Amino acid sequence: YFNKEVSDNPKNGYAYMAIASFHMDNLEYGDARNAVESAIKYLPRKDKSSLSRIYLLRGQLLAIEEDTIGAYSDIATAIQLDPTNEDAYDNRGQLYFEQGRYDEGDADYKKILSLNPAGVMGRMGLGCNSYARMDYDKAIEHYNRIITLYPDYPSGYSFRAEAYLAKKEYLKAIDDICKALEINHDDKAQYLLSQFPKEQLLLVVTKLKSLSVKYPHIIKSYL
């Protein structure tokens, strides 16, 4: 339908924007990039919110292409167009994280928290940066706050488990992993099961067996 729309109305920037999103979701990055360029060309200059989102999308594509300079530039443009675009700060924070620029990433995650104090995105970013610095207690503090606000958010538990593992607090780690698996079979929680040292295998198996009584068709696959 959107392809028909741009065929009939080739200057409809919103249609190109939708097409770009669809291609991005399907990992069709070349087609997404073409649609993004058309969207940038034809979106109304006064619609700064939509322009912010499309520049962010191009920034994400440039990051995939490993054009980090271009990605930073487009994300900065997205923020300039809409300083309330939380996703833009989050994406730039992730780029900073990948480059080990944790202080700069912290600034973006704190900005997200100023825009949305009860949100997950900013607090998770600060937790990941703290973990990367090997400040595990600070990371756990951030995850504790997320879990307090959103007790059914599985990543809060799985990321906290990772910090507990680093501190060799294995009982707390496996309890958090079991909680994350109980909520939705969290991928990170599944991965962390393989990160326990061999001498803690009995603890892991015991906890999983206990959980399998409640969820026999789910947990047994991990044993």
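Is it the case that Asp108 is on the phi < 0 side of the Ramachandran plot, in a helix (DSSP H, G or I), in contact with a Lys or Arg (Cβ under 6 Å, 6 or more places away or on another chain) and charged (D, E, K, R)? Considered against the rule, which asks whether it is on the phi < 0 side of the Ramachandran plot, in a helix (DSSP H, G or I), in contact with a Lys or Arg (Cβ under 6 Å, 6 or more places away or on another chain) and charged (D, E, K, R), Asp108 comes out as yes. Of the residues making up the stretch 165-180, not a single one is under 16 Å from the mean Cα position of the chain (by Cα) and open to solvent by 60 Å² or more (accessible area, probe 1.4 Å).
Select from the stretch 107-133 the residues that are among the charged types (D, E, K, R) and closer than 19 Å to Tyr164 by Cβ and write down the one among them that is farthest from the chain's Cα centre (by Cα). The selected residue is Arg133. What about Gln60, is it without any contact (Cβ under 8 Å) to a residue 60 or more places away in the chain, under 17 Å from the mean Cα position of the chain (by Cα), under 25 Å from Leu165 (Cα atoms) and open to solvent by 50 Å² or more (accessible area, probe 1.4 Å)? No. Search the stretch 179-193 for residues that are under 12 Å from Ser155 (Cβ atoms) and pair each with any residue that is modelled with pLDDT under 95 and acidic (Asp, Glu) when their beta-carbon atoms are under 8 Å apart and the residues are at least 6 apart or on different chains. Between residues of the stretch 179-193 that are under 12 Å from Ser155 (Cβ atoms) and residues that are modelled with pLDDT under 95 and acidic (Asp, Glu), the close pairs are Ala180/Asp186.
For residues in the stretch 134-164 being outside any helix (DSSP H, G or I) and more than 19 Å from the chain's Cα centre (by Cα), which is surrounded by the fewest Cβ atoms within 10 Å (Cβ to Cβ)? Give the derivation first.
Start the filter on the stretch 134-164 by keeping residues that are outside any helix (DSSP H, G or I), which leaves 134-135, 150-153.
Now narrow it down to the ones that are more than 19 Å from the chain's Cα centre (by Cα): 134-135.
On the way: Met134: 10, Asp135: 15.
For the stretch 134-164, the residue satisfying everything is Met134.
Pairs meeting the criteria (first residue in the stretch 68-79 and more than 19 Å from Gly100 (Cα to Cα) and polar (S, T, N, Q), second residue surrounded by 15 or more Cβ atoms within 10 Å (Cβ to Cβ) and modelled with pLDDT of 95 or more, beta carbons under 7 Å, at least 6 apart or on different chains) are Thr77/Tyr55. Is it the case that Glu98 is farther than 26 Å from Gly122 by Cβ, surrounded by fewer than 18 Cβ atoms within 10 Å (Cβ to Cβ), modelled with pLDDT of 95 or more and of a type in the set (D, E, K, R)? When the stated conditions are applied, Glu98 does not pass them.
Cβ separations smaller than 6 Å between residues 6+ apart or across chains give the following pairs from the stretch 28-49 residues that are closer than 18 Å to Ala76 by Cβ to residues that are among the charged types (D, E, K, R) and surrounded by 14 or more Cβ atoms within 10 Å (Cβ to Cβ): Val36/Arg58; Lys48/Asp82; Ser49/Asp82. How about the stretch 1-57: which helices (runs of 4 or more DSSP H) wholly inside it have at least 2 residues that are in contact with a His (Cβ under 8 Å, 6 or more places away or on another chain)? Result: 29-42. Residue count for the stretch 72-107, restricted to those that are of a type in the set (S, T, N, Q) and closer than 12 Å to Cys128 by Cα: 1. Listed by first and then second residue, the pairs with beta-carbon distance under 7 Å, at least 6 apart or on different chains, first residue in the stretch 198-212 and open to solvent by less than 100 Å² (accessible area, probe 1.4 Å), second at pLDDT 90 or above and not in a helix (DSSP H, G or I), are Val204/Phe196.
The values are calculated or read from the model by the stated rules, or taken from the named source; none is laboratory data. This one's a predicted model, so the numbers in the text were calculated from it and none came from an experiment. Glycine gets a Cβ as well: all are built from the backbone with ideal geometry, and neighbour counts include every protein chain shown. These accessible areas exclude ligands, DNA and RNA; they are computed on the full protein's heavy atoms, side chains included. Shrake-Rupley method; radii C 1.70, N 1.55, O 1.52, S 1.80 Å.
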